[in-house]
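Working notes for the structure below.
Quick note: the coordinates plus some simple rules give every number you see, no bench work behind them. Computed from a prediction, not measured in an experiment: that's the story for all the values here. Methodologically, a virtual Cβ is constructed for each residue, glycine included, from the backbone with ideal geometry; neighbour enumeration extends over all protein chains shown.
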Amino acid sequence: MVFSITRSLKSFGKFLRRILIRIIEKRPIRDIRDWGISYSLWPAHFTTACCGAEFAAASAPRFDAERFGFLPFTSARQCNVVFIEGTLSRKMAKAARMVFEQMPEPKFVIAMGACPIDGGIFWNSYNIVLAHNILPVDVYIPGCPPRPEAVARSIMMLQDKIKKMGGAKYDELK
Amino acid sequence: MSEDKFMQVLIGPQHPGSGHMRFIVKMDGDIISEFEPDIGYVHRAVEKIAESKRYIQIVPLVERPILADTANINLGYILALERLLGIDAPPRAQYLRTLLAEINRIHSHLYGLGIHGIMIGSSTIFMWCFADREIWIELAQELTGARITYSYMIPGGVRRDLPNGFNEKLSKAIAYMEERLKDYEKIFINNPVVTARLIDVGIIKKDDAIKLGIVGPNLRASGVAYDVRKIEPYCAYPEIDFDIIVRKEGDAYSRVLVRFEEIKQSMKIVKQVVEKIPSGPIINESYLKLIPPKLREKAEQTGIWKMPAIFINLKPRKGEAISRVEAGRGEVTHYIVSDGSPNPYRFRVVTPSFRNLIAFKYTMPGHRLADIPAIYGSLDYFPPSADR
């Protein structure tokens with residue numbers, strides 16, 4: 001008896017959740033949600049290679065990426081952006097994948113520098129992994145290393161993308 | 001069982017401190033009993049790739065491992081290559097090289113100081129250091145055309161001459177920085193929180209520092225007056241007056257102080273370089289002949305030299321060459337073996353961070369878990385340079 005009640009409650013909960021998702025996905029609420037997501041992009045504090053020096057300069061006072069709501073944060077569990085800063089070596093690619101899987105939905109990937117695109121100056125190295133082989137990259141920033149202005153530009157491009165195409169994906173919940 | 005007493009803690013590679021490495025720490029309560037750095041996260045095989053590249057193509061390649069201190073590591077490579085080619089840069093080029101190397105040392109030290117600040121929880125010093133670093137980066141940008149990857153030195157000279165009005169901007173920057181360093185002393189160096197966290201933490205004794213082969217400011221903080229710029233002077237350093245900063249304590253605080261004082265020394269060097277710089281060509285005359293006369297006229301007007309395309313076929317004699325340079329984080333050694341072809345037969349670079357790495361293993365045990373960022377930051381470790 002008790003078992004059947006909890007089961008029916010569970011199915012009711014699932015039903016309620018489905019309805020809520022449908023309401024959220026409708027026009028006015030969805031726009032507000034995407035606007036909120038686009039101004040609270042928190043990258044995980046995860047430095048993969050030498051472009052980190054320019055990434056640090058981008059979050060420093062002169063370029064101040066925090067005015068876009070972009071704040072590097074310590075724990076991957078509270079973040080929604082992975083910033084691939086330069087080359088991904090084989091050992092680092094495993095860690096990058098792990099960090100990406102730890103983050104809650106919706107999550108985004110920005111790949112910085114020439115190395116994640118096609119290897120850059122290290123194109124013929126034996127220890128390189130291209131970013132698009134392991135992660136769904138949203139925005140690429142070319143350059144070796146890209147200037148901090150380019151980092152700010154990539155954040156704005158990601159914000160535009162979220163506002164136009166919608167940030168959240170509820171595939172797992174459905 | 002005694003083994004149950006210990007707990008293994010894995011820190012990184014995704015951790016709040018800047019750095020792409022993992023620490024395997026064995027804890028006895030709150031005390032570190034064993035500390036093992038796990039490197040190789042940024043290994044990109046620079047040395048192996050160099051064997052497939054032409055000599056001139058290696059110039060930007062060697063910069064990538066030490067992105068915060070590119071001018072110095074580049075200078076080391078160029079000195080080794082020049083020894084192999086049997087060519088020398090003219091005096092004006094030597095002074096320009098010294099100028100860029102010291103500007104780079106200043107912003108490399110500011111980078112280290114800022115990262116160390118945020119590791120021990122002082123966001124203010126991170127913000128200040130990174131804001132003031134931009135002033136030096138902009139000066140270097142005006143000289144070379146790039147923010148941090150300069151590729152300014154070429155075999156036989158440098159790429160560009162001093163731009164107009166550079167001296168005024170430089171003296172302005174020095175005056176500003178001298179005022180700022182007083183503020184730094186107030187808010188960071190003499191801050192009771194900073195002194196409490198850094199004094200008597202992570203001590204490297206003089207004998208241990210020599211035995212472990214530690215280099216750079218970390219060695220000088222342990223009481224050894226060793227600086228390649230004085231011991232084996234290169235470029236314009238023999239004609240310039242500066243002091244080696246030495247401290248006896250060998251703790252994290254003294255390492256910070258050595259870097260802090262070295263910023264002042266570098267500014268002293270930069271001042272002298274601008275005063276003493278001789279006039280003349282910036283590329284060796286035998287290479288100057290290779291440039292077509294029309295381009296040479298244009299270059300003399302603008303001060304920007306374009307490398308002739310013949311440089312790609314640069315063939316040094318058969319043999320080997322070695323060079324030592326004092327970079328921001330310590331001594332860099334370059335070793336090139338040539339077999340007479342346009343690609344090097346073997347290229348080896350020993351970077352300062354690789355030599356300082358061993359210090360982690362010997363300084364950390366006996367300290368508390370919370371001391372890890374304080375010591376890690378004070379060693380000014382740059383992982384890509386250790387992994388290459």
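Please check: in the Gaussian network model of chain A (C-alpha springs, under 10 Å), which one of A:Pro148, A:Pro106, A:Pro116 has the largest mean-square fluctuation. Sorting by GNM fluctuation, first place goes to A:Pro106. When the alpha carbon coordinates of the stretch A:1-105 are projected onto the principal axes, the ranges are 61, 36, 18 Å, largest first.
Convex hull of alpha carbon positions in the protein assembly as shown: directionally averaged projected area 31.7 nm².
A straight Cα-to-Cα reach below 20 Å connects B:Lys264 with the lysines B:Lys169, B:Lys172, B:Lys182, B:Lys186, B:Lys230, B:Lys248, B:Lys276, residues fewer than 8 places away in its own chain not being considered. How far is helix A:2-24 tilted off the main Cα axis of chain A, in degrees rounded to 10, range 0 to 90? The angle comes out at about 50 degrees.
Rg ratio for the stretch B:47-387: its Cα radius of gyration over 2.2 N^0.38 Å, N being its residue count, equals 1.01. Each of B:Ile372, B:Ile73, B:Ile39 was scored by other Cβ atoms within 10 Å of its Cβ. Arranged with the fewest first, they read B:Ile39, B:Ile372, B:Ile73. Across the stretch B:175-320, C-alpha contacts under 8 Å between residues 6 or more apart give a mean separation that, scaled by the residue count, equals a relative contact order of 20 percent. Taking each residue as 0.36 nm, the span from B:Glu239 to B:Ala196 lengthens on full extension beyond its C-alpha to C-alpha distance by 11.4 nm. From helices alone, chain A scores -14500 deg cm²/dmol at 222 nm; the rule is -39500 (n - 2.57) for each run of n ≥ 4 DSSP H residues, then divide by the residue total.
Using R0 = 56 Å, the C-beta based FRET efficiency linking A:Ile32 and B:Lys361 works out to 0.60. Here chain A is assigned +1 on the Cβ of each Lys and Arg and -1 on the Cβ of each Asp and Glu. Its dipole about the Cα centre then comes out at about 940 debye. For the pair A:Arg7 and A:Asp118, what calculated FRET efficiency results from E = 1/(1 + (r/R0)^6), where r is the Cβ-Cβ distance and R0 = 56 Å, to the nearest 0.05? Efficiency computed from Cβ-Cβ geometry: 0.60. Shown is the FRET efficiency for A:Ile24 and B:Glu142, computed with R0 = 45 Å from the Cβ-Cβ distance and rounded to the nearest 0.05: 0.30.
Its Cα centre serving as origin, the stretch B:259-357 has a Cβ charge dipole (Lys and Arg +1, Asp and Glu -1) of approximately 140 debye. Our helix-only sum for chain B, with -39,500 (n - 2.57) per DSSP H run of n ≥ 4 divided by its residues, gives a mean residue ellipticity at 222 nm of -14000 deg cm²/dmol.
Each DSSP beta bridge with both residues in the protein assembly as shown is either parallel or antiparallel, and the antiparallel ones are about 75%. Lysine pairs in the stretch A:41-165 whose alpha-carbon atoms fall under 18 angstrom of each other, counting only those eight or more residues apart or on distinct chains, come to 4. Relative protection proxy for B:211-221, A:47-57, from highest mean packing down: A:47-57, B:211-221 (other beta-carbon atoms within 10 angstrom). Taking chain B as the reference, fit the longest principal axis to its C-alpha atoms, fit the long axis of helix B:123-144 to the helix C-alpha atoms, and give the angle between the two in degrees, 0 to 90, nearest 10. Taking the Cα atoms of chain B, the angle to B:123-144 is about 10 degrees. Peptide B:52-64 has a mean of 2 when you count, residue by residue, the C-beta atoms of other protein chains within 10 Å of its C-beta. Ratio of Rg to Rh for the stretch B:246-330: 1.16 [Cα atoms; Kirkwood radius as inverse mean 1/r over pairs].
Which of rounded, prolate, oblate describes the stretch B:1-158, given a ≥ b ≥ c as roots of the alpha-carbon gyration tensor eigenvalues and a/c under 1.5 marking rounded, otherwise prolate only if a/b is larger than b/c? Cα axes put the stretch B:1-158 in the oblate bin.
Taking the longest Cα principal axis of chain B as reference, the axis of helix B:91-119 is set at about 20 degrees.
Residue by residue along B:34-41, Cβ atoms of other protein chains within 10 Å of the local Cβ number 2 on average.
Given +1 at the Cβ of Lys and Arg, -1 at the Cβ of Asp and Glu and no other charges, the dipole of the protein assembly as shown around its Cα centre is 1800 debye to the nearest 20. Placing unit charges on the Cβ atoms of the charged side chains and taking the dipole of the stretch B:47-387 about its Cα centre, the candidate lying farthest along the positive direction among B:Pro278, B:Asn343, B:Val258 is B:Asn343. Ignoring aspartates and glutamates fewer than eight residues from B:Lys211 along the same chain, the ones with Cα atoms less than 20 angstrom from its Cα are B:Glu34, B:Glu36, B:Asp227, B:Glu249, B:Asp251, B:Glu326, B:Glu331, B:Asp380. The alpha carbon convex hull volume per residue for the stretch A:41-165 rounds to 91 Å³. Among B:Thr351, B:Thr149, the order by Cβ neighbours within 10 angstrom, fewest to most, reads B:Thr149, B:Thr351.
Exposure proxy ranking for B:His15, A:His132, based on other Cβ atoms within 10 angstrom of each Cβ and starting from the fewest, stands as A:His132, B:His15. Shielding of peptide B:126-136 by partners, expressed as the average count of other chain Cβ atoms within 10 Å per residue Cβ, is 4.
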